[in-house]
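Every read-out reported here was derived from the displayed coordinates using simple, explicitly stated rules and does not represent laboratory data. Not measured: the values here are computed from a predicted model. All Cβ positions, even for glycine, are placed from backbone atoms using ideal geometry, and neighbour counts span all protein chains on display.
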């Protein structure tokens, strides 16, 4: 069995011990005589799996009792619609545009009402997080929307806007469970699982209970109503049961290695190795403002497309997977989610140094 | 490793060889150095997986070129909304009500327009499929809706209504790939994967291309538009990649055992063992009209709740899982999907005979 260092922006690496356990339990989950894939979601055994997953997630994030945890389908893109369909009662909302995904969410909200852009970093190709101090909220806005970590551009919020009581909605997909998160700052947090948490096909939503009383917009399908899922423990219909099981294994693993403080320390260590080298390099440059740097997605380039090309070709041969930057920005991107071992980052830096030594004049 | 006979109505048994292969490939898919769960959905390797899955499904069902195959999320319940949102341009549709799920689909359609019930078997607790010969279609109806196999009640259509050119929509969830299906009879077929195909969290949609030109209703979220998924090869957003991979393994397995004619012959053999015994039994009775019997979900009872109870208790002890009927109907239900081995059905009949011998006076 070969395992490689996979720098994919998502779906991404999972802890090896989780994959081992999943493989071991594939034909017989804990003596049940069946795979978790084959199990009725109404069975006691499966109820135990989803309950334990939720309890462990609550432990990890210290989620207060007045927040519901939902395991849904449809990814972040479905949330782009569910957020306005469930929260935009005045048909107005404020959006902070820090990249591709925030923009997509803003575009989707136009189907349902009038989203306003109250800040954007598009002027500098989304290479920074806008100043959050003097945002002008629209008085009738139903919520304020942000995307905490911007996978494509490699930026991350280091603080949150003070929305003066307005509901703050956070697309935390690509930094979820990479560090502690103060849930109480938000009305709603959502995250696709396929970065730090589990396989694609599971979306986690954490929603403050009082928001469930807001009537959804007319024409909202039953399954796009948060309250339906909250009232039915995420089992109004058959949930993505196997994916939730894998998420649960990851939660257990994260608790086992010391919880999110320990995870954060490890992620900071990994990111520092890469950023420190980039900052000292003569040919590689980081692409975003230092104060806005993501711990998860490290974007860099040489400035010369042909050199980037040569670097990426060599990287591929050396066994580093998925290093090209997103097609909209080019260059390189190393996504170093929780499950990327420190050895992977070190090996990448070793290769970068070797490449630099060969190419610097 | 223990494996049991699991008569769950879904999620349900999967072929053991598929589970073995999934376990073997969990940490390293064909030398890629990663799990399919960890793989970028934009990678060549994953594109190969989804392309092969689609090609194999097309082979199995002989799907004509003018039909698109979509791998979606959200289950049948999401389709209950997507069908009207995408096809109900006059806001009118005709529904044939043969059970719980057809009724749910009908109720959901009310959010978007005026569905009409043109036939129903609710008068006899959904124990038969209504006569399809003299249905009165509503002239302005945009489509006619049916649910081919009724999981809870154990009935199945043996022919299809002639809709005189109107689009026929088929929820085929619980009989999909259990026998050949003439795709050309339908405008749209959908099926949740968790019966015969794969893990919950994947929904397969087969849609005739010309239907993609119908403009969705205003207010339809991007991800609930069939055309978006068709135009993007089911990858507008991150698909439920691992689930699709498992579906692909199942398709390959079904082709390997001879395709759907062979699958059907096997299913008929299994169902006959069970139905023949029930028909000859002095204490067990089938609950539906013989002409409407499902090959997948075999519903029966003794007529005495206490005796049912005793039977179910003994069955559980004997290692038969998930035999109680749906809570809305009671009694017993043996779901014998493709992956249930003949030995499982025979073992159940042996237990039933033993129970009968002990309890018949």
Bridge type composition, the stretch B:16-256 - antiparallel percent by DSSP, nearest 5: 45
Two-site label geometry, residue B:265 and residue B:282: point separation in nm, points 7 Å out along Cα→Cβ: 3.7
Convex hull per residue volume in Å³, alpha carbons only, for the stretch B:264-322: 97
Estimated [θ] at 222 nm from DSSP helical runs (n ≥ 4, -39500 (n - 2.57)) normalised by residues in chain B, nearest 500: -11000 deg cm²/dmol
Relative exposure of B:138, B:220, judged by other C-beta atoms within 10 Å (fewest first): B:138, B:220
Rh by Kirkwood over Cα pairs, then Stokes-Einstein D for the stretch A:89-129 at 1.567 mPa s and 4 °C, µm²/s: 124
Size of the stretch A:108-180 as Cα extents on the principal axes (Å, biggest first): 33, 29, 27
Sorted by Cβ density within 10 Å, fewest first, the residues B:20, B:100: B:20, B:100
Diffusion coefficient, µm² s⁻¹, Stokes-Einstein with Kirkwood Rh over alpha-carbon pairs of the stretch A:208-356 at 10 °C and 1.306 mPa s: 85
Listed peptides A:277-283, A:5-11 by packing density, highest first (mean Cβ within 10 Å): A:5-11, A:277-283
Euclidean distance of C-alpha centroids, the stretch A:1-60 and the stretch B:21-77, integer Å: 20
Overall Cα dimensions of the stretch B:16-256 - principal axes, largest extent first, Å: 58, 38, 28
Gap separating the Cα centres of the stretch A:103-144 and the stretch A:223-272, nearest whole Å: 27
Viscosity 1.306 mPa s, temperature 10 °C, Stokes-Einstein D of the stretch A:140-215 from Kirkwood C-alpha radius, µm²/s: 120
Dimensions in Å of the protein assembly as shown - Rg and Dmax from alpha carbons: 26.6, 98
Net length gained if the chain between residue B:318 and residue B:42 were fully extended (0.36 nm per residue, minus Cα distance): 94.6 nm
Value of Rg to Rh for the stretch B:312-352 (Rh from inverse mean 1/r over Cα pairs, i.e. Kirkwood): 0.96
Among beta bridges that DSSP assigns inside the protein assembly as shown, antiparallel share in %, nearest 5: 55
Distance (nanometres) between label positions extended 7 Å along Cα→Cβ at residue B:159 and residue B:182: 1.0
Taking the stretch A:259-359 and dividing mean pair separation by its residue count, relative contact order in percent (alpha carbons under 8 Å, at least six apart): 30
The stretch B:272-361: C-alpha gyration tensor shape, a/c 1.5 cut-off, then a/b vs b/c: rounded
Per-residue average of Cβ from other chains inside 10 Å of A:107-118: 1
Taking B:106, A:236, B:337 and counting other C-beta atoms within 10 Å, the order from fewest to most: A:236, B:106, B:337
Hydrodynamic radius by Kirkwood, which averages 1/r over all alpha carbon pairs of the stretch A:1-139, in angstrom: 19.3
Computed FRET value (nearest 0.05) for residue A:136 with residue A:114, which takes r as the C-beta separation and R₀ as 22 Å: 0.90
Over the stretch A:116-157: Rg over Rh, Cα atoms, Kirkwood Rh: 0.98
